[in-house]
1. Ordered by packing density, taken as the mean number of other Cβ atoms within 10 Å over each peptide's residues, highest first, how do A:283-291, A:50-58, B:4-12, B:212-220 rank?
2. Can you tell me the FRET efficiency between B:D187 and A:V134 if r is taken as the Cβ-Cβ distance and R0 is 51 Å, rounded to the nearest 0.05?
3. Label points 7 Å out from Cα along the Cβ direction at A:A43 and B:T18: separation in nm?
4. For B:A227, list long-range residues whose amide hydrogen, built 1.01 Å from N in the peptide plane, is under 5 Å from its own amide hydrogen.
5. Using a Gaussian network model on chain A with a 10 Å cutoff between Cα atoms, which of A:A43, A:A91, A:A186 fluctuates the most?
6. Suppose every K and R has +1 on its Cβ and every D and E has -1 on its Cβ; what is the size of the dipole of region A:91-274 about the Cα centre, in Debye to the nearest 20?
7. Among the trypsin sites (Lys or Arg not before Pro) within region A:125-229, which fall in a DSSP loop and have no more than 16 other Cβ atoms within 10 Å of their own Cβ?
8. Length gain on complete extension for the stretch B:E44 to B:D206, per 0.36 nm per residue less the alpha carbon to alpha carbon distance?
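Each reported figure results from applying straightforward, stated rules to the coordinates on display, with no laboratory input. What you see is a predicted model, and the numbers here were worked out from it, not measured in a lab. Here Cβ is always computed from backbone atoms with ideal geometry, including for glycine, and neighbour counts include all displayed protein chains.
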Amino acid sequence: MIWYTAQRLLWSVAVMTITISVLFCLIYVIPGDPVSMALGPRATEAMRSELMTRMGLDRPVLEQLWRFIANAFTGDLGTDMWSRQPISRIALGALPHTLLLATLGIGWAALIGIPLGCWTALRRDGLADRLLGVFSAVTIALPSFVVAIYGLLIFSVQLKWLPALGAGAAGDIADQARRLILPSFAIGLGWVGFLARMVRASMIEVLSENHIRMLRAFGLRESRIVLRYALPIAVIPTVTIIGMGFGSLLSGAVLIEIVFNRPGIGKLTYDAVMSRNFPLLTGCVLVTTACYVLCTVAADLMVARLDPRIRKSL
Amino acid sequence: MSAAALLEIDHLSIRYATPRGTVQAVRDVNLTIRRGEVIGLVGESGSGKSSLVSSMMALLPDNAAVDGRLRFEGTDIVALPETGRRQLRGNGIAAIFQDPFTALNPVVTIGDLLVAVQHHDHGAGTREKRRRATEMMARVGISDAGRRLRQYPFELSGGMRQRVAIAAALLTHPTLLIADEPTTALDATTEAQIIDLLRRNRSAVDGAIVFVTHHLGLVAQLCDRVAVMYAGEIVETGPVGAVFANPRHPYTRALIACEPALIRAATRRLPTIGGAPPDLTAPPAGCGFAPRCPLADETCRSLAPPVVATGENATARCHKVLP
Ligand SMILES: Nc1ncnc2c1ncn2[C@@H]1O[C@H](COP(=O)(O)OP(=O)(O)O)[C@@H](O)[C@H]1O
Ligand SMILES: [Mg+2]
């Protein structure tokens, strides 16, 4: 297991190195060099070459690439030209908002979706199962920002139950929590049906397997069979999907963050694009990719914990 | 009925609802299983052996419908509600299945599984149940029990897994042990070891063993009595020695002729029974074996054969019982 963890972490480092290199290349592809971008059209040649030296742009490309990678791994993503703040600090400051949102969004979906999947697997073709079929078809197809907009219209504008925009006042936990309700609802809604359908399908498959029949032949209680012996197998594919889904939500939450005008890494990425702030954009992409990679690794490790066949074969 | 009867099967029929129609997998089976006997249930694949023994452990799939009676120690399993059936499974009735490679739960250790199967015993704690499991491992021929108990099924060979399955069944002290083709998935050497193990543990089962196989040779090694199934019916029953020495049903005779271990005369060619069993969605009015039977005549084809007593505790379901 330790070796496996090390192996997965090594894999993440490799993925990150490639990502960073690609981003580095993109800087060259983007029209306009970083120096003119930073200094504007009226800069003198002396100012330009002075900044070139300061930024290390006069060095050979490979050396620049190496330094870029080394800096990124040590957390130095450069300085934002506008705010004069380290990009890493800006990005990492926005990240917790998105992490919290994604955790809550997928969290409530998993808490409802997984038991719902088990339930409908046991009561196949029952009323709940049929309703789930319709519910999941509708909610999976519904884009989360549409849910967000209607949620806003109904619960904030019409009923005035929930505050509409922003992340809430700093330090006011209750206010911040209230402002998380609608966005995490919008993010999770599609996931409820999706996870339920997934767990249902794999639960039905597992319950038809021989080892479950063997346990039934020994008279074990059906609820115990489902929870102790079938669920750990049935959730394995779901864990991988949740890991990947969570990872991609970090950038994918952007529409929700825009609709609710919430700070977050998605919103930051969006703003960086709109203001053509490429160093900041690079930083955001790096942070999101790192999180995504970590999420998949966490999911892999979790799967290995659940499945002794994987754990022990390592 | 006799006091020694453990399980009385009375006009039992099992039908499966399928998209192709109703499959009559078991048709009007009568059989009494007595304490202390090992009964072999043989027949080609598809003849209804698994269906019959599944009904004995009250574990038929949802699409099955059952008619008739199955009295286990006097209680009719067919009429029992699910909670009552669950009380019998693993607590009086235990089973060993065909495929040891898929029969053990992959995410629990052997030790946890062997503790879990003793769940009906509320008197003993986990520690005691684990001690019993360790002891039982030695009895089914698994050395180094301490380490094995901490392992997962996928770390064990097929033969080892089947030993674990046997240990699980024996740990529940069954009065009826059902083994549904327990060696079919194993190689010949392992098969011999498992058969030997079952034979040595016969006395551990304080009741009866039902041994299902499509392999007559194994019945000769292990069983006291044999019941031959064909197309959902029991066509012949009797003591193993008598049936093998002098089969009274043409199907049994054909089966014995096809069994390599029992062939006496030198031959270069393994005989087979020509033809195929009838479609069980529409079983024939007459004898199901008639189209493949060399002795069949018009009566056989049109009239259901009678059950003929052929000796003490021996029957044949045939119009043309052999002398
Ligand atoms: N769950 C089921 N649904 C429909 N048909 C089944 C089911 N189980 C068994 N059958 C059919 O019932 C017949 C008897 O099968 P089975 O009892 O498994 O025989 P055996 O164990 O002798 O091979 C076969 O024709 C088989 O296809
Ligand atoms: Mg079978």
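1. By packing density, highest mean first, the sequence is A:283-291, B:212-220, B:4-12, A:50-58.
2. Efficiency at R0 = 51 Å is approximately 0.50.
3. Output for this residue pair reads 7.8 nm.
4. Close amide H contacts, sequence-distant or interchain: B:G40, B:L41, B:V42.
5. Of A:A43, A:A91, A:A186, the Gaussian network model singles out A:A43 as fluctuating most.
6. With only Lys, Arg, Asp and Glu charged at Cβ, the dipole is about 520 debye.
7. Answer in residue order: A:K160, A:R221.
8. 55.4 nm
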